[in-house]
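Nothing in this text is a laboratory measurement; each read-out follows from the coordinates by a stated rule. Predicted, not measured: the structure shown is a model, and the values here were computed from it. Cβ atoms come from the backbone with ideal geometry, glycine included; neighbour counts cover every protein chain shown.
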Amino acid sequence: MREQSAITVMFHAKVAAQMGLSATDEKCLDLAMRADGPVTAGKIAELSGLSTGAVTGVIDRLERAGYVRRVRDPHDRRKVLVEVTVGDVDEFGEIFEVARQAMIEVLEQFDERELEVIERYLKLQTTTFRKRMIDT
């Protein structure tokens, strides 16, 4: 697990560098991209485990790089939302293609039942890690 974690971190650092971002900024952008529409800085802080002050700096850098913009909440003009200005991770397809192909190669080694166990494990791991390490 430690080696897998290290490889994942190093991959995302490489992706971030190619995008002109830090690894933290790239992952916060990823969180915002996976949200259902614009999000508050507070939501990014909650999902990432970063302080709201740190997230303000992340949003500033993402905005300067052209990946997000701040917009007023149409329902509450006092709130500021973060809106992603790039379509989807598919816009960065070439960066992720090697990883995508490697994942396909790995997953093809498992049958449907094994894939269900892997999926259940990953969901439980994500939920548990978030609860223990991010939401605390």
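Brief remarks on what is shown
- Modelled FRET efficiency - R0 30 Å, GLN125 with ALA23, Cβ distances, 0.05 increments: 0.90
- Ellipticity at 222 nm from helices only: DSSP H runs of n ≥ 4 in the chain, each -39500 (n - 2.57), divided by the residue count, give -20000 deg cm²/dmol.
- Listed residues ASP36, ASP73, ASP25, most fluctuating in the chain (Gaussian network, C-alpha, under 10 Å): ASP36
- Between 0 and 90°, nearest 10: helix 2-19 axis offset from the chain longest Cα axis: 50 degrees
- Its relative contact order, with pairs defined as Cα atoms under 8 Å and 6+ residues apart, puts the chain at 21 percent.
- On Cα atoms only, tilt of 23-34 relative to the major axis of the chain in degrees: 90 degrees
- Here's the list of lysines a cross-link from LYS131 could span, going by alpha-carbon distance under 16 Å and ignoring same-chain residues fewer than 8 apart: LYS43, LYS123.
- Nearest 10 degrees, 0 to 90: helix 52-64 Cα axis against the chain principal axis: 90 degrees
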